[in-house]
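Rule-based calculations on the coordinates, nothing more; no lab input. These numbers come from a predicted model, not from an experiment. Don't worry about glycine lacking a Cβ; one is built from the backbone with ideal geometry, like all the others, and counts go over all protein chains shown.
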Amino acid sequence: MTTVLKPLFGKTAFVTGGARSIGAAIVRRLASDGASVAFTYVSSQNRAEELANEIEASGGRAVAIRADSADAEAVKRAVAEAVNVFGAVDILVNNAGIANLKPYDQFAIEEFDRMIAVNFRAVFAAIQAAGPQMKEGGRIINIGSNAADNNPLTGASLYVSTKAAVAGLTRALARDLAPKGITINNVQPGPTDTDMNPADGPYAPIVSGSIALGRYGKASEIASMVAYLASPEAGFITGASINVDGGVNI
Ligand SMILES: NC(=O)c1ccc[n+]([C@@H]2O[C@H](COP(=O)([O-])OP(=O)(O)OC[C@H]3O[C@@H](n4cnc5c(N)ncnc54)[C@H](OP(=O)(O)O)[C@@H]3O)[C@@H](O)[C@H]2O)c1
């Protein structure tokens with residue numbers, strides 16, 4: 001009889017914003033593929049602890065760390081804590097994000113700064129913290145948005161800008177990271193049924209018509225792509241932005 005090892009057996013992952021929605025689906029999937037997973041939360045402490053307990057109860061390893069992505073130093077400390085607990089971070093997933101939509105002339109500059117801080121600066125900070133300790137085969141996966149390519153909503157100027165910045169960062173950093181054998185990619189979800197964008201929420205009537213498959217995505221379907229990119233099978237993919245959007249961008 002042969003024993004089939006889980007694809008991420010022996011690997012350690014760090015996921016930002018992992019307590020709920022897409023982040024929680026990523027945490028669950030990476031854990032079920034065999035990775036030890038550290039993940040951050042900022043407000044969802046109970047859900048974070050429940051998720052870590054659920055994974056530990058099913059034989060995996062998980063730790064929840066409070067870290068506000070608006071605070072770059074907190075993000076760096078959280079990565080360091082994960083390295084301390086598990087010995088390394090082999091897979092970094094930058095998932096935490098906020099979507100503050102309003103007419104461009106109504107944004108306070110503090111709101112601009114916060115959008116940039118959570119959706120973009122924290123991504124760079126986490127990569128700065130995790131990248132140097134990654135070994136050959138390391139994986140960085142950002143969660144951008146298909147809105148960076150195709151945005152039907154008014155009021156999304158800052159959100160789309162941050163996600164386009166993530167796509168640009170991904171492309172450029174692929175060159176810097178390649179010599180160490182580390183890949184970096186950007187998963188761009190389309191409309192996905194979460195707290196941010198419920199399938200019966202206010203954006204649904206606007207975005208639904210553009211989805212070729214005629215339905216919202218599930219968080220687990222975004223996690224499937226993350227798991228693939230994290231796996232050894234995806235070793236020849238880097239610098240890519242990959243839409244998982246039910247065919248919006250076709
Ligand atoms: N849903 C969609 O249709 C869609 C489409 C394209 C892209 N995306 C992207 O996918 C990612 C996840 O979106 P989602 O739909 O799962 O969003 P969500 O339901 O609003 O969940 C957001 C997650 O991010 C975390 N987060 C928010 N602000 C944070 C902060 N300052 N520090 C640390 N964590 C923070 C939250 O943690 P707490 O619960 O602890 O606050 C939560 O885990 C985001 O980057 C989003 O832009 C989503």
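Remarks
- Gyration tensor verdict on the range 12-244 (Cα atoms; rounded if a/c is under 1.5, prolate if a/b is larger than b/c, oblate otherwise): rounded
- Using a cutoff of 8 angstrom between alpha carbon atoms and counting only pairs six or more residues apart, the relative contact order for the range 170-211 works out to 24 percent.
- Under the span-like rule (Cα at least 27 Å along the axis, Kyte-Doolittle mean at least -0.5), DSSP H helices of the chain: 157-177
- Computed lengthening from S58 to E73, 0.36 nm per intervening residue step minus Cα-Cα distance: 2.2 nm
- Fewest-first sequence of K102, K135 by Cβ atoms within 10 Å of each Cβ: K135, K102
- Over the chain, relative contact order from alpha-carbon pairs under 8 Å, at least 6 apart, %: 19
- For the chain: lysine pairs under 30 Å (alpha-carbon distance), excluding those fewer than 8 apart on one chain: 19
- Among D193, D113, D245, D200, a tally of other beta-carbon atoms within 10 Å of each Cβ gives an order, fewest to most, of D200, D113, D193, D245.
- Footprinting exposure proxy for Y228, Y41, Y216 (fewest neighbouring C-beta atoms within 10 Å first): Y228, Y216, Y41
- A204-D176 FRET efficiency (beta carbon distance; Förster radius 41 Å; 0.05 resolution): 0.60
- Calculated P(r) tail over 20 Å for the range 133-250, as whole % of Cα pairs: 43
- Calculated over the range 186-226, the projected area of the Cα convex hull averaged across directions stands at 3.0 nm².
- Based on the reciprocal of the average 1/r between different C-alpha atoms, the Kirkwood radius for the range 1-100 equals 13.4 Å.
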